[in-house]
Each structure stands twice: as C-alpha cells, then as structure tokens.
1. Given (1) under 13 Å from the mean Cα position of the chain (by Cα); (2) modelled with pLDDT under 95, where does GLY21 come up short, assuming only one miss?
2. Return the pairs, sorted by first residue and then second, in which the second residue is in a loop (DSSP other than H, G, I, E, B) and at pLDDT below 95, the first residue lies in the range 39-54 and is among the aliphatic types (A, V, I, L, M), the beta carbons are less than 8 Å apart, and the residues are 6+ apart or on different chains.
3. Would the range 42-50 turn up any residue that is at pLDDT 95 or above, of a type in the set (Asp, Glu) and over 16 Å from the mean Cα position of the chain (by Cα)?
4. Of TYR29, TYR67, which residue is within 13 Å of the ligand (Cβ to nearest atom) and touching a strand residue (DSSP E or B) at 6+ places or on another chain (Cβ under 8 Å)?
Amino acid sequence: MEPLHEPTADPAAEEPVVDPGGSESWQLYANCLGVDPDLFFPERGASTREAKQVCQGCVVREECLEYALANGEKFGIWGGLSERERRRIRRARALARAAQQSQTA
Ligand code: SF4
C-alpha cells in the first residue's frame, strides 16, 4: 500500500494510539488512496481546498484525524484539517483536560 502521508511525527509527541506495527486498517478505506500525496502537503500559503474536498467524503476521516493528533503530525492535511486547525483542537482538548483535573482535585 502506498503511504498516505509521510511520517512527520515529533519524537516528543504523545505515544501513538495506533500500533506502528500495522493496525492502521482504516487506511485501507481512505479516500486519498491513489491521490497525489503532494496535494495533502501544500506549500506554505497554497490552497488546501482540493485536499479538503477529498477528505470531505472520507469514511475514515475521524480515525485519520485522531491518528494525526495522537502522533503529533505537524504538517499536511489530516482528517480534513490543516496544521492550524489541528493545533486548535489540541489546545482545546488540553484546556478541557486541565479544567477537568481542576474540578476533580
Ligand atoms: S481524511 Fe483525508 S487524509 Fe485522511 S484518510 Fe481520509 S482522505 Fe486521506
């Protein structure tokens, strides 16, 4: 299977949820299989519209997004979201976790 995205994980990122041994079976159902991977890694300032359109109808969008979040993927479009959009989710989740911890402390 052709890789969907080049791994760009930050070594300091959280432990991957997905087993690197190959349990990412969701990738078999990806809409982007066979699509030019460059589309998902546009140059800075270039449009992400085409990639996001491919993601729009993807049945494994959620799995893809969670994979990217769990593995600290910093570049490219994953789960239909850009780096900036994923950063927002990570921040929001971190804030929610902190709020939850302060309530239980
Ligand atoms: S959500 Fe987009 S990048 Fe992720 S598997 Fe589906 S088509 Fe590919």
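The values are calculated or read from the model by the stated rules, or taken from the named source; none is laboratory data. Remember, it's a predicted structure, so these values are computed and weren't measured experimentally. Please note: Cβ atoms are built from the backbone with ideal geometry, for glycine as well, and neighbour counts cover all protein chains shown.
1. Looking at each condition in turn, GLY21 falls short on (1).
2. ALA51/PRO42
3. Within the range 42-50, one or more residues are at pLDDT 95 or above, of a type in the set (Asp, Glu) and over 16 Å from the mean Cα position of the chain (by Cα).
4. TYR67
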